[in-house]
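*Asks:* The following block contains the structure, expressed as structure tokens.
The values are calculated or read from the model by the stated rules, or taken from the named source; none is laboratory data. The structure displayed is predicted, hence computed values, not measured ones. Cβ placement follows ideal geometry from the backbone for every residue including glycine, while neighbour counts extend to all protein chains displayed. For the accessible areas, the whole protein counts, side chains as well, though only heavy atoms, and no ligand, DNA or RNA atoms are used. Shrake-Rupley method; radii C 1.70, N 1.55, O 1.52, S 1.80 Å.
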Amino acid sequence: MWNSYLFDHLIHSILMIMKRNYIIAVTAVAITALAGCVEKDHTADYVLMPEARPLTAETVVTEVDALLPRAMFVVEDKLGIYKEREDFMLDFYTLPDLKFICSTARRGQGPDDLIGLEGRNIEVSGNTFCALEHMTWRLKTMTLLGDSTMHVVTRSQPLKTNGAINMFHRLDSVHYLSLGSTSNQKEFCIYDLSDGSSREVGEYPDWIDSATVADGMPLLLPYGKFLAVSPDGSRFAAFYWHFDRVRFFDRECRMLMDVKVRHNSDGNQEEDRKQSSGCYYGVKAIGDKIYALHADSDSTRILEIWDWDGRPSSAFRLDRPVTLMTVDTKACRLITKDVEHYNEIYLYELPTDY
């Protein structure tokens, strides 16, 4: 039996490819299980990824360490970093100069404390940001008061759930998109904040021979994905970790497009199928663009930029194996971190024509 809360952390540990001793055994078990899965031949629309232009990072050494950072976001000319395992769970820096402001959001159960956030989507609106809180399953809207204190502005009623909620993306003022439960019945789940209810929708793909899936393994592990929702909430994209594959859906989880990426302009579809897939480390929807951080190897990172018609418009090769990102659209910069260097942030200047 898979414990859904621990399972969420297991997925994150695999993605980050961290080298700490306390997760090596767990990661090895999960990778062994996935290695036994056989990918089935399946027709998809192939798109050619534009040639990746190289970018070189500017390294900024920070005043405080960020141990196990899980998310980065930009709110009102400030950079926020969510740190899941620390006593103060949010660090803030000024933009564009990255001067340290404060560490705030004490771990706890007080009115302005946090137990932990579903950090893969922290939504920003004006001077507020919101995310789902683990364990309580309440959507908390927060702001930074002055230069020192995180304040919880509003909190929703708790959602009705039988386990952990994996990812949480806004479709409209009351409806939110998440991944399906570990029951394997449906791929997605839509929550209604007005009454806390939920309904699971959408069918899993059939890219893997079911006979090769480890007994008891929830399908959301081999079909792990990051989600991005369009600004108007009318559609969303699912970037599948292990398949170099992107599917686009309408808000009712009906598939619109199934896209497989070709990274080699001289290759063909058969050669692409033989190549080992890369994986996605994170996806962000900002304005009319989707930013996807792709890894071809442990050391290579490609920033892919997609539009909402299912086309990659540009790509950039980063010179560091970063694992977290956000975008400062005002300064036209990619802001990144990795899990190995606790006190460094890496900045990439994006060209104006991207």
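*Asks:* Along the Cα→Cβ direction, 7 angstrom out, place labels at PHE88 and ILE286. What is the inter-label distance in nm?
*Replies:* Simple spin-label model gives 2.5 nm for this pair.
*Asks:* Are there trypsin sites (Lys or Arg not before Pro) in region 279-354 that DSSP puts in a loop and that have at most 10 other Cβ atoms within 10 Å, and which ones?
*Replies:* Details: sites: LYS284, LYS289, ARG301, ARG317, LYS330, ARG333, LYS337; in loops: LYS330.
Loop-located and lightly packed - LYS330.
*Asks:* What is the distance, in nm, between label points placed 7 Å from the Cα along the Cα-to-Cβ direction at SER234 and at ALA214?
*Replies:* In this crude spin-label approximation the distance works out to 4.2 nm.
*Asks:* Loop only by DSSP, 14 or fewer other Cβ within 10 Å of the Cβ. Give me the trypsin sites (Lys or Arg not before Pro) in region 107-163 that pass, ordered by residue number.
*Replies:* Here the sparse-neighbourhood loop sites are LYS160.
*Asks:* Under 5 Å between amide hydrogens, which residues at least 5 positions from LEU256 or on another chain qualify, with H placed 1.01 Å from N in the peptide plane?
*Replies:* PHE248, PHE249, ASP250
*Asks:* Heavy-atom accessible area per residue, region 119-164, 1.4 Å probe: how many Å²?
*Replies:* Dividing the accessible area of region 119-164 by its residue count gives 47 Å².
*Asks:* Continuing with this model, one more query. Would you mind checking LYS99/LYS330; LYS160/LYS289; LYS225/LYS289 for any pair whose Cα atoms are more than 21 angstrom apart?
*Replies:* Pairs exceeding 21 Å: LYS160/LYS289.
*Asks:* Which percent of the accessible area of region 119-250 is formed by carbon and sulfur heavy atoms (probe 1.4 angstrom)?
*Replies:* After summing per-atom areas, the C and S share lands at 46 percent.
*Asks:* Here's another thing I want to ask about it. Which far-off residues, 5 or more places away or on another chain, put their amide H under 5 Å from the one on ASN166, with H placed in the peptide plane?
*Replies:* It is LEU179, by chain and number.
*Asks:* In nanometres, what is the gap between the two model label sites at VAL64 and SER173, each 7 Å from Cα along Cα-to-Cβ?
*Replies:* Taking the simple label geometry, VAL64 and SER173 are separated by 3.5 nm.
*Asks:* Under 1.5 on a/c is rounded, so check that first for region 167-213, then, if it is not, pick prolate when a/b is larger than b/c and oblate when it is not; a ≥ b ≥ c are the square roots of the alpha carbon gyration tensor eigenvalues.
*Replies:* prolate
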